[in-house]
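Chemist: This is the structure I want to talk about, given as structure tokens.
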Amino acid sequence: EVCQNETLASYGYECASFNRPLRRSDLGGPKVELAVFRLPATGSAQERIGTLFFNPGGPGQPGGGSATKGMLLPSEVRRAFDFVTWDPRGLGQSKPALTDCAVAMPRRPAIGRVDWQQVLSQRQRDLTERNRDCIARHRTLIQQMGTVEAAHDLEALRQAVGDDRLNFWGISYGTVIGSTYAALFPGRVRALVLDGSVDPWSDLSGLRRSATAPDDAIRFFLQLHPDLKSPLQRSLASLAQAPLKLPDGSTYTRWDLLDPLVNYVFISRLSGTYGRTLIETVHKALFGTPAERTAALKTLQHPLLRSPGHDSNAAAGFAAVTCQDFPQRPSPKQQSALLGDLTRQAPLYGGTLGVNFLALCSGYEDLKANSPVPRAPFLERDVSGLISGTRWDAATPWVWSTAMARAFPSMRTLQVVGNEHGTYTNVQSSCLEKAISRYLLT
């Protein structure tokens, strides 16, 4: 049917609901309703190959929010494939969905030295409270939100559209869905594009290693824009001593500068202009002429230039999925020991992400992993796939892509020297785009 979302409808997207059993073992029991979004292929019947399924990552990110990615596909791929994405169970427009489970960013001091162990202790308390509240209201749903369930939902979607074999493009956590599908249904894969991979060998504590990625990405960004290095360092040093007072009465801290910079630095089409605007505006607010300061302080009130209201890397769908995928969870003592390495290796932002990944499953102590995600090595390794990533990815380190390649020796790997998170249709590399398109088509 025509999508209710006016933007998607104007682009020609179709929307549908897809019912699945809440529990695979109970076909006659409760159901979940998945929201599905399709952009039909533009080619003739002779040109059409099938459906390209897409997951944007997270975990916890609904596909509908990234459905317009289909519009960015090269024309030859658009002719050959219907583009389909969906809101995984419990997320977005799927029903039932998690509600009121989001959490704010970690509580970090506005000025002075940061005691990351103290930040971790507070994060453990905050996530315990938020996760327990979410579990109390959504226990039955959360127990069926792991990646194994998502892979079975994807297999059902493949059958529903009538494709003999799966074509799938996953970014970030979407590569976990892809590698899990390949482990569970190796003979049903036609083409997998695993874009910005998560390490398929890792346990829950191993996910902490992505906390160093933003520092790498910012360092690469400043190599591309060397004139911004001094303004950024000078601004951060000043904000560490005293925050800015904005016209609306709020304060602007170092985290208001770092949090959005990290959120946008890996989007190549935005990072140059957005990163420059952010850094230069803060620098003018601190050190500009009176007229520049007045204008900059007003500009900094814009939400895109502030720390976000909720943290997409903790609680809600992120914790619901991840804490179902991993049975081994680090104790508070282990979390404390692991955090020190992250803050030493990535002093700029490693602590912020580190406390999230280490304390993520606080409050999940009595809700064990119901169906853990399969870990490498996988018994069936002869699966077609193309693994792509960037050398200084701001979210999933390049070593995770090489780990994915070790898990599937039959796959091939493409690297771009850059800091983008997700390569296809995102990096400005015709070499990579042509290679992935050719792989999908042939």
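Chemist: Which residues in the stretch 229-268 have a backbone N closer than 13 Å to a point placed 7 Å from the Cα of ARG293 along the Cα-to-Cβ line?
Modeler: Label zone hits: 244-247.
Chemist: Which one, VAL383, LEU367, LEU257, projects farthest toward the positive side of the charge dipole computed for the chain from Cβ point charges (K/R +1, D/E -1)?
Modeler: LEU257
Chemist: By per-residue mean of other Cβ atoms within 10 Å, what is the highest-first order of 104-110, 85-91, 63-69?
Modeler: The peptides rank, most packed first, as 85-91, 63-69, 104-110.
Chemist: Further, regarding this structure: What's the FRET efficiency of LEU22 with ARG48 using the Cβ-Cβ distance as r and R₀ = 35 Å, to the nearest 0.05?
Modeler: Using R0 = 35 Å, I get an efficiency of 0.55.
Chemist: For the stretch 257-357, with all protein chains present and a 1.4 Å probe, just round the carbon and sulfur fraction of the accessible area to a whole percent.
Modeler: Carbon plus sulfur share of accessible area: 59 percent.
Chemist: Given points 7 Å out from each Cα along the Cα-Cβ axis, report the ARG391 to GLN415 separation in nanometres with one decimal.
Modeler: 0.8 nm
Chemist: Please give the FRET efficiency for LYS368 paired with LEU441, using the beta carbon to beta carbon distance and R0 = 45 Å, rounded to the nearest 0.05.
Modeler: 0.55
Chemist: From the phi angles alone, apply the Karplus equation (6.51, -1.76, 1.60; θ = phi - 60°) to the stretch 209-218 and give each ³J(HN,Hα) in whole Hz, x where the residue is Gly or Pro.
Modeler: After applying 6.51 cos²θ - 1.76 cosθ + 1.60, I find 5, 6, 5, 8, 5, x, 4, 4, 5, 5 Hz.
Chemist: Can you tell me the relative contact order of the stretch 378-442? Whole percent, Cα pairs under 8 Å, sequence separation 6 or more.
Modeler: Relative contact order for the stretch 378-442 comes out at 36 percent.
Chemist: Mind checking the dipole of the stretch 222-268: about its Cα centre, +1 per Lys or Arg Cβ, -1 per Asp or Glu Cβ, Debye to the nearest 20?
Modeler: I would put it at about 160 debye.
Chemist: Right, here's the next one. Considering the options LEU98, ALA156, ALA211, tell which one lies farthest towards the positive end of the dipole of the stretch 87-218, charges being +1 on Lys and Arg and -1 on Asp and Glu at the Cβ, about the Cα centre.
Modeler: Among LEU98, ALA156, ALA211, the one farthest towards the positive end of the dipole of the stretch 87-218 is LEU98.
Chemist: May I pose another question? Using a basic spin-label model with each label point 7 Å from the Cα along Cα→Cβ, how many nm lie between ASP100 and ARG381?
Modeler: With each label placed 7 Å out from Cα toward Cβ, I get 5.1 nm.
Chemist: Where does the charge balance sit around ARG165 when Lys and Arg score +1, Asp and Glu -1, over other residues with C-beta under 9 Å from its C-beta?
Modeler: +1
Chemist: Another question about this same structure. How high is the relative contact order of the stretch 134-225, in percent, counting Cα pairs under 8 Å that sit 6 or more residues apart?
Modeler: Computed value for the stretch 134-225: 24 percent relative contact order.
Chemist: While we're here: Counting pairs on different chains as well as pairs 8 or more places apart, how many Lys pairs in the chain have Cα atoms under 16 Å apart?
Modeler: Lysine pairs, 8 or more places apart or on different chains, close enough: 5.
Chemist: Which value, in Å² and to the nearest 10, is the accessible area of ASP82 when all protein chains are kept and the probe is 1.4 Å?
Modeler: 20 Å²
Chemist: Averaging sequence separations of C-alpha pairs under 8 Å and six or more residues apart, then dividing by the length of the chain, give the relative contact order as a whole percent.
Modeler: Across the chain, relative contact order equals 21 percent.
Chemist: Could you order peptides 189-202, 405-418, 16-29 by the average number of other Cβ atoms within 10 Å of their residues, highest first?
Modeler: Going from most to least packed, we get 189-202, 405-418, 16-29.
Chemist: Taking R0 as 30 Å, what FRET efficiency do you get between GLN122 and CYS431 from their Cβ-Cβ distance, rounded to the nearest 0.05?
Modeler: 0.05
Chemist: Starting at the first residue of the stretch 252-266, write each ³J(HN,Hα) from the Karplus equation 6.51 cos²θ - 1.76 cosθ + 1.60 with θ = phi - 60°, in whole Hz, x for Gly and Pro.
Modeler: 10, 9, 4, 6, 5, 8, 6, 4, x, 4, 5, 5, 10, 5, 8
Chemist: Using +1 on the beta carbon of Lys and Arg, -1 on that of Asp and Glu, and nothing else charged, what's the dipole of the stretch 127-269 about the Cα centre, debye to 20?
Modeler: Computed about the Cα centre, the dipole is about 200 debye.
Chemist: Turning to a different aspect of this structure: Ranking request for peptides 129-140, 1-12: highest mean number of other beta-carbon atoms within 10 Å first, then the rest in descending order.
Modeler: So the peptides 129-140, 1-12, ranked by packing, come out 129-140, 1-12.
Chemist: Residues with beta-carbon under 14 Å from that of LYS298, excluding LYS298: net charge, scoring Lys, Arg +1 and Asp, Glu -1?
Modeler: In short, +2.
Chemist: On full extension of the chain, what length is gained from LEU224 through ALA110, given 0.36 nm per residue of separation minus the C-alpha to C-alpha distance?
Modeler: Result: 38.2 nm gained on full extension.
Chemist: Then there is this: With N denoting the number of residues in the chain, provide Rg(C-alpha) divided by 2.2 N^0.38 Å, to two decimal places.
Modeler: After normalising by residue count via 2.2 N^0.38 Å, the value is 0.98.
Chemist: Write down the accessible area per residue of the stretch 348-442 in Å², having rolled a 1.4 Å probe over the full set of protein chains.
Modeler: 39 Å²
Chemist: How large is the charge dipole for the chain, taken about the Cα centre, if only the Cβ atoms of Lys, Arg (+1) and Asp, Glu (-1) carry charge, to the nearest 20 debye?
Modeler: Computed about the Cα centre, the dipole is about 660 debye.
Chemist: Oh, and also: Net charge near ASP87: determine it from the other residues with C-beta under 10 Å of the C-beta of ASP87, scoring Lys and Arg +1 and Asp and Glu -1.
Modeler: Once all neighbours under 10 Å are counted, the net charge is +1.
The values are calculated or read from the model by the stated rules, or taken from the named source; none is laboratory data. The model shown is predicted, which means the values in this text are computed figures rather than measured ones. Heads up, the Cβs are rebuilt from the backbone with ideal geometry, glycines too, and the neighbour counts pull from every protein chain shown. These area figures cover heavy atoms from the full protein model, side chains too; ligands, DNA and RNA do not enter into them. Shrake-Rupley method; radii C 1.70, N 1.55, O 1.52, S 1.80 Å.
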